[in-house]
Each structure stands twice: as C-alpha cells, then as structure tokens.
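Asker: Got a structure for you, questions after.
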Amino acid sequence: MSKYIFEISWEIANKVGGIYTVLASKAKYVKNLYGKNYFVVGPYFNENRLNDFRVLKPPTEFINVIERLRSYGINVYYGEWLIDGIPHGFLIDFTKYLEQINNLKYELWQKFGVDSLRTGQDYNEPIAWSKAVSDFLFELVKEADFQNSILHFHEWLAGGGLIFAKDLKQRKIFTTHATVLGRSLSSAKVNFWENIEKFEPLKTAYDYGVEAKHSIEKLAANFADHLTTVSQITAIEVEHFLERKVSHILPNGIDLDRFPTFEEISTFHQKNKNIILQFVLYLFSPYFQKHCPTRDALIFFMSGREEVRNKGFDIAILSLGKLNKFLKENNITTNIYLFIFVPSQIIDIDHNILENLIVYRSVEDYLENIQNEINSRLLHALIHQRQIEGEKILTRNEYLEIQKMLSKIKKATKIPLATHLLPETNPFLDLARKADLLNREEDKVKIIIYPTYVSSSDGLLNLDYYNVINGCHLGIFPSLYEPWGYTPLETLAAGVMAITTDLTGFGSYVIDKQLVKDSNPGLWILKRKERKDSEVIDDLFKILLKITLMKRSERIQNKYEARALATNFDWQNLIKNYYDLYEL
C-alpha cells in the first residue's frame with residue numbers, strides 16, 4: 001500500500017512569513033521522492049487570493065471525499081501550488097466554522113482547557129480552518145488508499161487540526177518553527193535566555209495575553225507522534241515552554257538553483273548595483289547642491305517582517321547612526337545607502353519621488369537616443385585637442401529639450417527618508433531620528449525606507465527581491481529572536497556578505513558546525529546572547545566600520561566565501577532530514 005504525505009500549513013499558497021519560504025523551497029525535493037503521493041493542505045480565502053494556486057478537477061480517488069465534505073458545508077479546492085515542483089494539494093474553506101467559532105472555542109475549553117476569552121481574528125481564523133482540516137482528514141482516511149498516510153502539521157496555526165484529529169491512527173508530526181512565548185517575550189524586550197528556567201509557561205502566557213495560542217501549540221506538540229523544530233537553540237526553548245523534548249531537528253535549507261552561480265555573481269551584481277545606484281541618484285539629486293555621490297558607494301540592506309525588536313532593526317539603525325557620525329568626524333569619503341525592505345503601514349506612495357523618477361528616466365531615454373551623436377562630438381573634440389565644454393557637447397535645442405523635462409522635477413520641504421508617505425508613528429522613522437540619520441547632504445549614511453514588497457514592476461527599483469539583494473554589498477540582520485533566519489541565508493546565496501547573531505537558529509547552526517573562517521568569513525555572527533543592547537551596538541558598529549573600510553579585493557573575496565557558505569544549506573543535502581523522519 002502506498003504511503004502518502006500530507007503537509008498542512010496556514011502558509012500553503014498564503015505568504016505570511018518564513019514558513020512559506022521553507023515549504024515552497026523544499027516542496028520539489030519532497031515531491032522528487034514521493035511523487036504523486038505528496039500533497040499540501042492550506043487555507044482557502046477567496047478567488048482574489050489565489051495568486052499562486054490553480055484550481056483543477058480533482059482525481060477520482062478524491063471525488064468522494066470532496067463531495068461528502070461539500071454536503072457538510074465545507075468546500076475543498078483541489079489544484080496545483082504554482083511553485084518549483086508544482087505540488088498538488090487542497091485549499092480548504094473554513095467559512096462554516098468561522099460562523100460557529102464560539103462553539104469551537106467552547107469545545108476546546110471543555111475538552112482541553114484552552115482559554116480563548118481574550119482572542120481575536122488572528123486566532124479565530126486558524127482555529128476555524130483547523131477544524132475544517134480535521135474534517136477533511138477524517139473523511140480522507142475512510143478511503144482505504146489513504147489509511148497509511150503521514151500527517152505533517154506546521155506551527156500552532158495548523159496545530160488545532162492535529163488536536164481535533166488526535167484520535168486518527170495515522171502518524172502525526174508537529175513542527176514548531178518558533179514558540180508563541182519566545183516571540184512574545186522577545187517582542188516585549190525580555191531576554192528570556194538569561195534564565196529560561198524561571199519562566200512558568202502557562203502563567204507567562206497569561207501575563208502576555210497569548211494563553212490560547214500557547215495552549216494550542218503545547219497540546220499539538222504533546223499529541224504528535226513526533227515533535228520537531230528547525231534548530232538546536234529553538235529545541236531548548238521548545239523543551240521548556242512546551243514541556244516536551246524535540247525528537248528531530250529539521251534545519252531549513254535553500255534552493256540554490258534560484259540564485260546566481262559562482263560564475264554569474266559578479267556580472268549580476270554589477271548590473272543590479274548600477275540599477276540601485278541610479279535610483280539613489282534620482283532620489284537624492286533634487287535635494288543636493290553637489291553631485292549625489294554614487295561612485296564607490298556601498299549598498300547595505302535590511303529586510304523581514306515589521307518586528308523591530310525581534311529582528312534587531314533597532315540595534316542596526318542605532319549602530320549605523322554611530323557609523324555615520326564616525327565617518328563624518330574622520331573625513332572618510334565612503335558613502336553608504338541603507339535600504340530597509342520591511343512591508344509596513346503606508347498612507348500612499350510618495351508621488352514626488354514617483355514623478356521625478358519618470359522625468360529622470362525620460363531624460364535618460366532622450367540621451368540614449370542622441371548618444372551616438374554625443375560620442376561623435378566628444379571624439380572629434382579629443383582628436384583635435386579642443387577643450388570639452390558642455391555647450392559644445394549638446395546643441396542648444398538638445399539642451400533646451402532636456403531643461404524642459406527637468407523643469408517638472410518636484411521637491412518636498414524635507415529630504416525623503418522613505419519611498420512612501422508613512423504614519424508619523426512609523427518605528428523606522430522614530431529610529432532614524434533617534435540615530436540622527438536624516439539624509440542630509442553631508443551624511444555619509446543615508447537611509448531609504450521601502451515599506452512595500454519589492455517587485456520587477458513596482459515603479460521604483462523595478463527589481464525582484466533576489467536581484468535587489470544581489471546588487472547590494474551587505475545584509476544586516478542582528479536578530480534578538482529568530483528560530484531560523486532565512487534572510488541572511490538568502491543573502492549569502494546571492495553572493496553578498498551578511499551579519500546575523502548567535503540567537504538565530506541559522507547562526508547557532510553555523511557556529512555548531514564551525515562553518516565560518518576567521519579571515520574573510522563572508523558571514524559575521526554577532527554575539528547577542530545574555531548581552532546588553534549597548535554592547536551589541538558597539539560590536540555591530542565595529543563590524544560595519546571594518547566592512548566599510550575594506551578594499552575592493554577583500555569585498556570580492558568575502559562575496560565568494562559567502563556563496564560557498566550557502567552551499568552547506570542546499571536542500572539537496574538537508575532534505576535528507578525529512579526523508580529519514582518520514583521513513584521512520
């Protein structure tokens with residue numbers, strides 16, 4: 001009899017955070033082994049949310065299951081998840097149970113003591129979906145073909161499905177990529193690593209208002225046949241907060257096929273860097289009397305969810321403020337442009353910036369059209385050893401045409417810190433002011449807050465995320481709480497230097513396996529465990545200064561070391577951890 005794998009997550013065809021990256025990047029490798037016996041299960045919202053899922057007619061073996069569920073008022077959509085490997089799976093509509101959410105909450109309280117009085121929609125939706133998932137699983141295993149199946153649940157958001165389906169005899173795996181309490185404590189600026197034993201899990205959950213989510217997570221962890229997580233550092237956290245030892249560590253990998261090869265890194269970097277620096281030039285030129293310096297400039301970036309404390313964005317910006325002050329005081333000529341790619345609440349795009357970009361790009365197109373003529377005039381002047389004067393390079397008509405275009409340039413009263421108009425309460429604006437990073441002409445570190453997902457058609461950079469990071473010189477990720485940490489790993493894979501910390505699963509894995517060299521490491525691991533913010537800021541400043549002062553040859557060497565380090569995390573190697581668990 002065939003063994004089937006059903007991988008169940010709130011982030012199947014529903015991009016929220018890092019778990020989407022885990023599932024999407026490894027799917028083709030699981031499918032390579034299990035083929036048509038591997039299925040994914042996620043939430044259905046509405047047709048407008050089906051960006052990467054194509055609904056298909058279900059195979060014969062699923063028709064009875066889907067029809068029975070429809071008769072109960074639950075719609076199940078079969079189709080393809082449009083990612084590498086194109087795994088087939090199911091999106092389950094949970095509308096019926098969302099309308100009955102109070103009954104579900106009562107059931108969880110009566111049977112398991114889950115107190116959900118203080119919950120909202122971010123709890124209600126996953127619980128309603130989880131109940132619908134359990135109905136799907138109960139109907140599924142009535143079919144003889146699916147009785148020998150493995151059910152793999154990810155995070156507390158799918159944990160309710162495991163709880164509702166706990167009586168099924170099929171083997172159940174629960175993977176917690178982070179704990180509810182770990183996230184909550186870190187967000188509240190509590191360094192729980194100083195003395196993790198002093199925290200009573202349930203009392204702490206009540207103290208921070210996450211008792212329902214914590215209870216679901218703990219029940220799922222203890223009802224599962226196998227409890228897994230992604231790193232050794234998270235395993236310690238899981239054992240204390242969920243009161244069960246992890247049986248398997250499943251480190252997160254990356255699909256290196258999506259990134260440039262060693263041979264391509266330099267070519268792609270140069271191309272993407274030029275696009276980014278051109279954007280910088282266009283952004284700041286209206287405000288600077290002198291030429292906006294882009295030659296030999298460095299491009300740093302940060303990215304991730306808007307968890308300012310957990311992701312270490314506060315530490316990073318304050319360290320960069322210190323770097324800016326040092327560079328100015330010591331007359332160091334290097335200019336740094338820091339992009340903050342963190343989707344946040346916005347009021348609107350900054351139309352001044354957008355319209356200015358259109359103007360500059362029009363001028364660029366016009367110059368490109370007359371480029372041959374300009375080259376001819378330059379060459380003629382050089383051959384005859386005549387002084388090159390601006391008015392001789394452009395004709396009067398050409399000059400006037402360009403001036404007409406440039407007359408449309410708009411200038412705000414203040415130099416922009418962001419590509420969009422933001423609420424005054426935006427945390428990155430607050431941090432920029434605190435760090436005295438205000439994009440003055442004399443500042444050596446200038447920031448560009450980019451509060452939307454980058455894409456090749458966003459009207460601003462017009463590059464997708466991986467091309468953007470490939471064009472940068474350094475990714476800065478000084479996380480306080482990060483059970484794994486895909487952003488530094490993706491940065492390395494793009495052939496770009498990165499900074500992470502010893503409080504990330506990724507960083508601790510690198511330390512445990514001794515993967516980083518002493519010289520030209522490509523990756524710097526900042527010590528954050530049991531250390532004060534002021535100490536971490538000082539250490540990060542020193543690393544940033546060292547990178548800023550590097551010779552070009554040193555940066556190139558570090559780029560190649562970064563890419564070489566990423567090869568240790570290719571899913572082709574790490575997927576074996578999943579294979580071993582499934583075969584067990």
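Asker: Mind checking which of Asn103, Gly120, Ala235 is farthest towards the positive end of the stretch 4-250's charge dipole, using Cβ charges of +1 (Lys, Arg) and -1 (Asp, Glu) about the Cα centre?
Answerer: Ala235
Asker: Give, rounded to the nearest 20 debye, the magnitude of the charge dipole that the stretch 115-184 has about its Cα centre when Lys and Arg contribute +1 at Cβ and Asp and Glu contribute -1 at Cβ.
Answerer: For the stretch 115-184, the charge dipole is close to 260 debye.
Asker: Return the sequence-ordered ³J(HN,Hα) values of the stretch 367-376 in whole Hz as given by the Karplus equation 6.51 cos²θ - 1.76 cosθ + 1.60 applied to θ = phi - 60°, using x for Gly and Pro.
Answerer: Residue by residue, the stretch 367-376 yields 5, 5, 5, 9, 4, 4, 5, 4, 4, 5 Hz.
Asker: If you find the alpha carbon centre of the stretch 440-501 and of the stretch 515-584, how far apart are they in angstrom?
Answerer: First find each Cα centre; the distance between them is then 15 Å.
Asker: Further question on the same structure: Are there GluC sites (Glu not before Pro) in the stretch 395-441 that DSSP marks as loop and that have at most 15 other Cβ atoms within 10 Å, and which are they?
Answerer: Glu424, Glu441
Asker: Sticking with this structure for a sec: Among Val363, Val238, which comes first, then next, by fewest other beta-carbon atoms within 10 Å?
Answerer: Starting with the residue having the fewest Cβ neighbours, the order is Val363, Val238.
Asker: What does DSSP give for the chain in terms of the percent of beta bridges that are antiparallel, rounded to the nearest 5?
Answerer: 15
Asker: Of all the stretches in the chain, which is the longest one without any exposed loop site, taking chymotrypsin sites (Phe, Trp or Tyr not before Pro) in a DSSP loop (any state but H, G, I, E, B) with at most 14 other Cβ atoms within 10 Å?
Answerer: Between exposed loop sites, the widest span is 263-452.
Asker: Are there any trypsin sites (Lys or Arg not before Pro) in the stretch 106-149 that are in a DSSP loop and have at most 14 other Cβ atoms within 10 Å? List them by number.
Answerer: Arg118, Lys142
Asker: In whole Hz and in residue order, list the ³J(HN,Hα) couplings for the stretch 315-323 that follow from phi through the Karplus curve 6.51 cos²θ - 1.76 cosθ + 1.60, θ = phi - 60°; x for Gly and Pro.
Answerer: 4, 5, 5, 5, 5, 5, x, 5, 5
Asker: Where in the stretch 357-408 are there trypsin sites (Lys or Arg not before Pro) that are in a DSSP coil and have at most 13 other Cβ atoms within 10 angstrom of their Cβ?
Answerer: Arg386, Lys408
Asker: Which of Lys542, Lys446 comes first, and how do the rest follow, when ranked by fewest Cβ neighbours within 10 Å?
Answerer: The order, fewest Cβ neighbours first, is Lys542, Lys446.
Asker: Continuing with the same structure: How much length is gained if the chain between Ala381 and Lys198 is pulled fully straight, taking 0.36 nm per residue apart and subtracting their Cα-Cα distance, in nm to one decimal?
Answerer: Computed gain between Ala381 and Lys198 is 58.0 nm.
Asker: Quick one: check the C-alpha center-to-center distance for the stretch 184-219 versus the stretch 344-370, whole angstrom.
Answerer: Cα centroid of the stretch 184-219 versus Cα centroid of the stretch 344-370: 47 Å apart.
Asker: Once amide H atoms are built 1.01 Å from N in the peptide plane, which residues 5 or more positions from Ile254, or in another chain, come under 5 Å H to H?
Answerer: Residues meeting the criterion, in which the H sits 1.01 Å from N, are Asp570, Trp571.
Asker: Hey, got the dipole for the chain? About the Cα centre, +1 on K and R Cβ, -1 on D and E Cβ, debye to the nearest 20?
Answerer: The calculation lands at about 900 debye.
Asker: At what distance in angstrom do the alpha carbon centres of the stretch 295-321 and the stretch 1-69 lie from each other?
Answerer: Each part reduced to its Cα centre gives a spacing of 35 Å.
Asker: Using modelled backbone amide H atoms (1.01 Å from N, in-plane), which distant-in-sequence or interchain residues come within less than 5 Å of Leu422's amide H?
Answerer: Ile347
Asker: Here's something else I'd like to know. Just want the ordering: Met405, Met550, from fewest to most Cβ atoms lying within 10 Å of their own Cβ.
Answerer: Met405, Met550
Asker: Rounded to the nearest 20 Debye, what is the dipole magnitude of the stretch 119-278 about its Cα centre when Lys and Arg each give +1 and Asp and Glu each give -1 at the C-beta?
Answerer: The dipole magnitude comes to about 140 debye.
The numbers here are math on the coordinates, done by the rules we state, and not lab data. From a predicted model like this one, the values you see are computed outputs, not experimental measurements. Positions of Cβ are backbone-derived with ideal geometry, glycine not excepted, and every protein chain shown enters the neighbour counts.
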